[in-house]
1. Identify all residues within the stretch 163-197 that are of a type outside the set (Ser, Thr, Tyr), closer than 14 Å to TRP152 by Cβ and touching a residue at least 24 places away in the same chain (Cβ under 8 Å); write none if there are none.
2. Name the pairs: first residue in the stretch 124-151 and of a type in the set (Val, Ile, Thr) and surrounded by 11 or more Cβ atoms within 10 Å (Cβ to Cβ), second residue at pLDDT 85 or above and not in a strand (DSSP E or B), Cβ to Cβ under 6 Å, at least 6 apart or on different chains?
3. Hey, does the stretch 26-39 have a residue that's farther than 23 Å from ILE76 by Cβ and outside any helix (DSSP H, G or I)?
4. Residue check: is SER142 closer than 30 Å to THR111 by Cβ, small (Gly, Ala, Ser) and outside the structural domain of ASP104 (by TED's automatic domain parsing)?
5. Confirm whether GLY8 is closer than 22 Å to ARG136 by Cβ, surrounded by 14 or more Cβ atoms within 10 Å (Cβ to Cβ) and either touching a Ser or Thr at 6+ places or on another chain (Cβ under 6 Å) or charged (D, E, K, R) (or both).
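The values are calculated or read from the model by the stated rules, or taken from the named source; none is laboratory data. Bear in mind that the values here come from a model prediction, so they are computed numbers and not experimental data. Cβ placement follows ideal geometry from the backbone for every residue including glycine, while neighbour counts extend to all protein chains displayed.
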Amino acid sequence: MIGLGNFGASVAEALSANGAEVIAVDLDGDAVDRIASNVTKAAMGNGTDIATLERLGAEGADAAVISTGDDITASILATMSLRDLHVADVYVKVNSRDHARVMDRIGVTETVFPERESAISLGTRMGGKAVLNHVRLGNEFSIQEMAVPGAWQGHTLRELALRQKYEITVVALHDILQDTISSTPDPDAKLKDSDTLLIAGSDETLARVAELP
């Protein structure tokens, strides 16, 4: 983990909580101190410097996350150092489309634009009253949780044939009253107004489905 701002620290703590060995580095000593107890190793240093990263044990790591704010130069240098150390996957937090375009050009695994993705998610939920949660998984593809449209209530998933009619996939069904989630919903069970559906599809398709009465 290179860069321990809010985003970087949150990613590092989440990875550590899920059992991953996490090395965190930042030039801000206070940021390093705050996260030290929550990761495998935390150190104050320059995350763009290959010697520093090698000394910390980054060589051959499964993945790295770069969160250096809007400093495109730092993002590029850190990526090059990590590639030289044979780090398999490099994820970079970006702050603009141009930042993302530069990082994509040099071949990072994925760019993450949290502010834009959060804004899109909020706009989607506000625009579709049936949408409870919306998470983008990639370019033009998302998963959203939504209430069962009135036109679908009383019908089964088999009857509705959602994949064929709407090009969406039902990932899970949440029974609100029973507070149970089924990742393999019964295709012959009738949908109720107390159910919510977790569905995956293109952004365009999900927006269209969210407008159903």
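1. Those that are of a type outside the set (Ser, Thr, Tyr), closer than 14 Å to TRP152 by Cβ and touching a residue at least 24 places away in the same chain (Cβ under 8 Å): ILE168, VAL170, LEU173, PRO185, PRO187, ALA189, LYS190, LEU191, LYS192, ASP193, ASP195, LEU197.
2. From residues that are of a type in the set (Val, Ile, Thr) and surrounded by 11 or more Cβ atoms within 10 Å (Cβ to Cβ), the pairs are VAL148/LEU191.
3. yes
4. On the way: closer than 30 Å to THR111 by Cβ: yes; small (Gly, Ala, Ser): yes; outside the structural domain of ASP104 (by TED's automatic domain parsing): yes.
Yes, satisfied.
5. On the way: closer than 22 Å to ARG136 by Cβ: yes; surrounded by 14 or more Cβ atoms within 10 Å (Cβ to Cβ): yes; either touching a Ser or Thr at 6+ places or on another chain (Cβ under 6 Å) or charged (D, E, K, R) (or both): yes.
For GLY8, the condition - closer than 22 Å to ARG136 by Cβ, surrounded by 14 or more Cβ atoms within 10 Å (Cβ to Cβ) and either touching a Ser or Thr at 6+ places or on another chain (Cβ under 6 Å) or charged (D, E, K, R) (or both) - is met.
For (1) without any contact (Cβ under 8 Å) to a residue 12 or more places away in the chain; (2) touching a helix residue (DSSP H, G or I) at 6+ places or on another chain (Cβ under 6 Å); (3) closer than 16 Å to ILE106 by Cα, each residue gets a yes or a no:
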| position | (1), (2), (3) |
| --- | --- |
| ASN6 | yes, no, no |
| ALA9 | no, yes, no |
| GLU21 | no, no, no |
| LEU27 | no, no, no |
| GLY47 | no, yes, no |
| ALA64 | no, yes, yes |
| ILE76 | no, no, yes |
| SER81 | no, yes, yes |
| VAL87 | no, no, yes |
